[in-house]
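Here is the structure we will look at, set down as structure tokens.
What follows draws every value from the coordinates through simple rules; no lab data is involved. Owing to the predicted nature of the structure, the values given are computational and were not obtained by experimental measurement. Note: ideal-geometry Cβ built from the backbone for every residue, glycine included; neighbour counts use all protein chains shown.
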Amino acid sequence: MSVLVTGGAGYIGSHMVLELLDAGEDVVVLDDLSTGFRWAVPPQVPLVIGDFGDENLVKDAIARYGVTEIVHFAAKIVVPESVARPLLYYSNNTAKARTLLETATSAGIERFIFSSTAAVYGDPVQNPVTEDEPPKPMSPYGRSKLMVEWMLEDVSKASNLKYVALRYFNVAGGDPAGRAGQSTPNATHLIKVAVQTALGLRPKMQLFGIDYPTHDGSCVRDYIQVTDLARAHMDALAHLRGGGQSLVCNAGYAKGFSVIDVIETVKRVSGRDFHVEVSERRPGDPAAIVAGNDLIKSALGWRPQHDDLEEIVRQALRWEQNLAERVSGNAGLDGIKTGAPG
Ligand code: UFG
């Protein structure tokens, strides 16, 4: 009996693998290493390199490792890229997920955890946004994920498969023990960008828009620490193993911070000032999105342990320094791009 983690060499997936190992579970990772890293998979974990949409590969892995559950992280996740290349997103995130579901149900898999996104809400009518708000995604990325939620709903009615879809808000930080973190080169995520700027890996950063209807004019987001998010998946697995019903839940802290709040926190925690250039609004950014989290707490018993922006920023800083130091002779962004820690 083992858990198949697609995208287990990536940012959130690698933290999930650590949680599973810490809980004594058998794990197998499936990753095509397009954005993940071989070194992010602990040596005792079997790594199948390939495509989660490859039916034969997945079927073989399920049989070979005795897979009974799938946690599906592997996806394309860059919103502007999804606008420029929608068919890539519908192919990778939607069509291949359809194939994965077919492979899973044919192999008798009965529990499936899916990485969904707050992007399914678009610009929510009210915050904190709850799961009963009708989804109105603003990007092909959000749509590509929402369609998988719909497939899961239909498949679960027509088969023995039960699922939990977690709608992630803004994932940040790293493993509190320093074993993993966000390693994606040229990541566009706010905390990563601000931390890299604080460390001098970027000369400056941009602040996209200060004319939003928020307390300081910059966008408000709900930043969830990555280990807390991985724990939500563990709770989702326990829920399904205990016979729980299929669910779609937000994963966030019900607490919003503005872009300016985040930048000030990074400056304070790092002890470094850096250049922030105020720019135009970034297309497609909702003014504010904060997770209602009553459902995930009541249905899954989720209890966040790292709900602290300063702690998240400290983890991100430590991981970024760790990455830069491991890259021989070059602590700049180019070094991070080519370097392979470990
Ligand atoms: N921002 C900046 N400067 C930067 C980077 C970001 O000002 O250099 C701002 C953005 O404009 C936005 C906020 O910081 O207002 C957060 O931006 P991120 O790119 O970190 O994250 P998003 O909120 O755009 O997107 C995240 C996930 C998506 C998910 C979405 C759902 O990355 O996958 O939340 O709301 F779809």
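Packing, as the average of other Cβ atoms within 10 Å across residues, places the peptides 10-18, 132-140, 273-281, 208-216 in the order 10-18, 132-140, 208-216, 273-281, highest first. Taking amide hydrogens as placed 1.01 Å from N in the peptide plane, the amide H of LEU207 sits under 5 Å from those of GLU277, VAL278, SER279, each at least 5 positions away in sequence or on another chain.
As a proxy for reagent exposure, TRP319, TRP39 were ordered by neighbouring Cβ count within 10 angstrom, fewest first; the result is TRP39, TRP319. The angle separating the long axis of helix 11-22 from the principal Cα axis of greatest extent in the chain is about 60 degrees.
The helix-only estimate of mean residue ellipticity at 222 nm for the chain, built from DSSP H runs of length n ≥ 4 each weighted as -39500 (n - 2.57), is -11500 deg cm²/dmol after division by the residue total. Report the paramagnetic label zone for ARG179: residues of the range 6-40 whose backbone N is under 12 Å from a point 7 Å from Cα along the Cα-to-Cβ axis. What the label zone holds, given the 12 Å backbone N cut-off, is 14-25.
Under a straight-distance cross-link criterion of Cα-Cα below 13 Å, which aspartates and glutamates are reachable from LYS157, leaving out those fewer than 8 residues away in the same chain? Cα-Cα hits under 13 Å: GLU110, GLU149. Shown for the range 141-240 is the translational diffusion coefficient from the Stokes-Einstein equation, using the Kirkwood radius over Cα pairs, a temperature of 25 °C and a viscosity of 0.890 mPa s: 147 µm²/s.
Over the chain, with a single point scatterer placed on each C-alpha, what log10 of the ratio I(q)/I(0) does the Debye formula yield at q = 0.09, 0.10, 0.11 1/Å? At q = 0.09, 0.10, 0.11 Å⁻¹ the computed log10 ratios are -0.45, -0.57, -0.69.
With R₀ set to 22 Å, the beta-carbon distance separating SER106 from TRP150 gives a calculated FRET efficiency near 0.65. Less than 5 angstrom separates the built amide H of LYS162 from those of ARG111, PHE112, all sequence-distant by 5 or more or on a different chain.
Each residue of the range 144-158 is assigned a 3J(HN,Hα), and the resulting list reads 4, 7, 4, 4, 5, 4, 5, 4, 4, 4, 5, 5, 5, 6, 9 Hz, derived from the Karplus form 6.51 cos²θ - 1.76 cosθ + 1.60 (θ = phi - 60°), x at Gly and Pro.
Compared with the dominant Cα axis of the chain, that is its longest principal axis, helix 226-241 is turned about 20°. Whole-Hz Karplus values for the range 305-319 come out as 10, 10, 7, 7, 4, 5, 4, 4, 5, 4, 5, 5, 4, 5, 5 Hz, taken residue by residue from phi with 6.51 cos²θ - 1.76 cosθ + 1.60 and θ = phi - 60°; glycine and proline positions read x. Close amide H partners of VAL220, meaning residues 5 or more places away or on another chain with modelled amide H under 5 Å apart, are ALA288, ILE289. Kindly express, to the nearest 10 degrees and within the range 0 to 90, the angle between helix 55-65's C-alpha long axis and the longest C-alpha principal axis of the chain. Roughly 80 degrees between the two axes. Applying the Karplus relation 6.51 cos²θ - 1.76 cosθ + 1.60 with θ = phi - 60° to the range 75-80 yields 3J(HN,Hα) values of 5, 8, 10, 9, 4, x Hz, where x marks Gly and Pro.
For SER91 and GLU311, the difference between the fully extended length at 0.36 nm per residue and the C-alpha to C-alpha distance is 75.5 nm.
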